[in-house]
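Only one structure is covered here, and it is reproduced in the block below.
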Amino acid sequence: MPSPSPILTGIQSTGTPHLGNLLGAMLPTIHLAHTHPQNQIFCFIADLHALTTIKDPEKRKTYIYTIAAAWLALGLDKQPNALLCRQSHIPAVTELAWYLSCLTPYARLTNAHAFKDKTQQGLPVSGGLFTYPILMAADVLLYQAGQVPVGKDQLQHLELTRDVAQTFNQQYGNTFVIPEAYIHRDVPTVLGIDGRKMSKSYQNTIDVFLPEAQLYQDIMRIQTDSTPLAAPKDPETCTVFALYRLVADAHQVEAMRAQYLAGGYGYAAAKKTLAAAILERFASARERFANYMSDFPALEQRLLEGEEKARAVATETLQDVRTKLGYERALRSG
Ligand code: ADP
Ligand code: TRP
């Protein structure tokens with residue numbers, strides 16, 4: 001029987017993973033690893049993608065270890081079927097990205113949201129940002145991933161990945177598995193402290209790995225409306241409640257909803273309850289994260305092990321692709 005298709009996801013190394021990354025992509029991936037012990041799980045640190053925003057090499061190194069530490073602290077270290085690797089350590093990915101770029105219509109890339117957002121804001125756009133979705137497609141297709149756990153914002157990239165895989169398969173014969181996005185049904189787009197989508201690029205994130213006092217401070221900054229303390233409040237339009245719903249259990253959520261509706265319950269109290277719930281939910285991950293962050297050599301070792309396995313799969317796919325395109329097979333692995 002053929003082995004089941006791998007499950008794969010990537011997180012850019014552009015900072016400490018925030019609550020949106022954890023709930024939208026990382027925890028669903030770890031859950032899938034647990035429920036699918038037969039599948040190989042690839043967790044990528046998208047450090048080449050991060051080059052589109054992070055310019056400082058020292059920061060780049062630290063962020064790579066930060067993402068690795070977060071993955072392991074959240075429970076990836078307990079999954080024998082999961083591996084952790086840096087995109088930059090698998091050169092096959094940039095070669096495949098070139099081949100795929102030659103099959104991707106220009107108009108498709110001008111519609112990609114990262115590119116569109118930046119051009120609309122009048123910000124400078126590099127060729128790297130423009131072709132960003134193709135590098136992501138190469139990440140996914142190189143490992144023949146069947147499922148890709150991501151937040152909703154990545155659906156457009158996944159569509160492009162599927163289309164370019166189909167184009168390649170039609171032109172050169174069956175080569176790539178057509179991947180599917182796996183969106184965790186209970187997790188909507190997580191809101192940031194300003195009420196927009198939580199994102200490192202909006203600087204509106206909640207970093208659950210921060211020291212307690214700082215975490216409280218950030219949560220107290222969540223924007224709320226000006227309903228007076230005594231008045232009833234609408235839980236459905238409040239960012240604090242929306243976040244609480246994602247981290248507290250059903251019973252606690254109903255209790256907070258009742259307090260909102262009754263009035264006499266202020267946003268400051270709701271924020272404190274939210275902060276306490278986050279600290280409780282991530283208590284063990286926070287401790288484990290601090291331990292991993294004090295041991296970079298252990299993280300490095302873990303990454304090297306993952307990269308060796310990833311390279312073997314990547315080389316096999318790339319050789320097939322090269323043969324189909326009429327190039328010599330690669331002479332050495334990489
Ligand atoms: P950011 O937008 O902060 O730079 P990334 O682009 O690195 O985050 O996202 C990594 C993963 O986390 C992706 O699968 C993405 O869909 C998911 N993700 C990011 N922000 C959110 C959010 N606010 N809600 C749910 N998932 C998210
Ligand atoms: N583009 C994704 C993001 O911005 C990160 C990413 C890179 C990724 N490679 C991937 C996600 C492969 C899933 C699969 O969040």
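The values are calculated or read from the model by the stated rules, or taken from the named source; none is laboratory data. Bear in mind the structure is a predicted one, so any value in this text is a computation, not a measurement. Here the Cβ positions follow ideal geometry from the backbone for every residue, glycine too, while neighbour counts run over all protein chains shown. In case anyone asks, the SASA skips ligands and DNA or RNA and just uses the protein heavy atoms, side chains included. Shrake-Rupley method; radii C 1.70, N 1.55, O 1.52, S 1.80 Å.
Here are a few things to note about the model shown:
- Helices (runs of 4 or more DSSP H) wholly inside the range 112-155 that include at least 2 residues being within 12 Å of ligand 2 (Cβ to nearest atom), in contact (Cβ under 8 Å) with a residue 60 or more places away in the chain and within 19 Å of residue 95 (Cβ to Cβ): 132-142
- For the range 92-111, the candidate set comprises residues that are touching a Pro at 6+ places or on another chain (Cβ under 9 Å) and part of a helix (DSSP H, G or I); within that set, the residue that is least open to solvent (accessible area, probe 1.4 Å) is 109.
- Looking across the range 276-334, the residues that are touching a Lys or Arg at 6+ places or on another chain (Cβ under 8 Å) and assigned to a helix (DSSP H, G or I) come down to 279, 303, 307, 319, 322, 323.
- Set 244, 267, 260, 216: member being among the aromatic types (Phe, Trp, Tyr), more than 25 Å from residue 283 (Cβ to Cβ) and more than 16 Å from ligand 2 (Cβ to nearest atom): 260
For (1) away from ligand 2 (no atom under 15 Å from the Cβ); (2) assigned to a helix (DSSP H, G or I), each residue gets a yes or a no:
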position: 11; (1), (2): no, no
position: 16; (1), (2): no, no
position: 28; (1), (2): no, yes
position: 55; (1), (2): yes, no
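- Comparison of 28, 17, 6 shows that the only residue that is surrounded by 20 or more Cβ atoms within 10 Å (Cβ to Cβ) and away from ligand 1 (no atom under 13 Å from the Cβ) is 6.
- Tally of residues being open to solvent by less than 50 Å² (accessible area, probe 1.4 Å), modelled with pLDDT of 95 or more and near ligand 1 (Cβ under 10 Å from one of its atoms) across the range 189-205: 5
- Near pairs, Cβ below 8 angstrom, 6+ apart or cross-chain, from the range 189-206 (on the phi > 0 side of the Ramachandran plot) to any residue that is away from ligand 2 (no atom under 13 Å from the Cβ): 195/223; 195/239
- Residue match in the range 164-184 (condition: within 16 Å of ligand 2 (Cβ to nearest atom) and under 20 Å from residue 280 (Cα atoms)): no
- Candidate set: the range 141-157, residues that are more than 10 Å from ligand 1 (Cβ to nearest atom) and touching a strand residue (DSSP E or B) at 6+ places or on another chain (Cβ under 6 Å); chosen: the one nearest to residue 23 (Cα to Cα): 147
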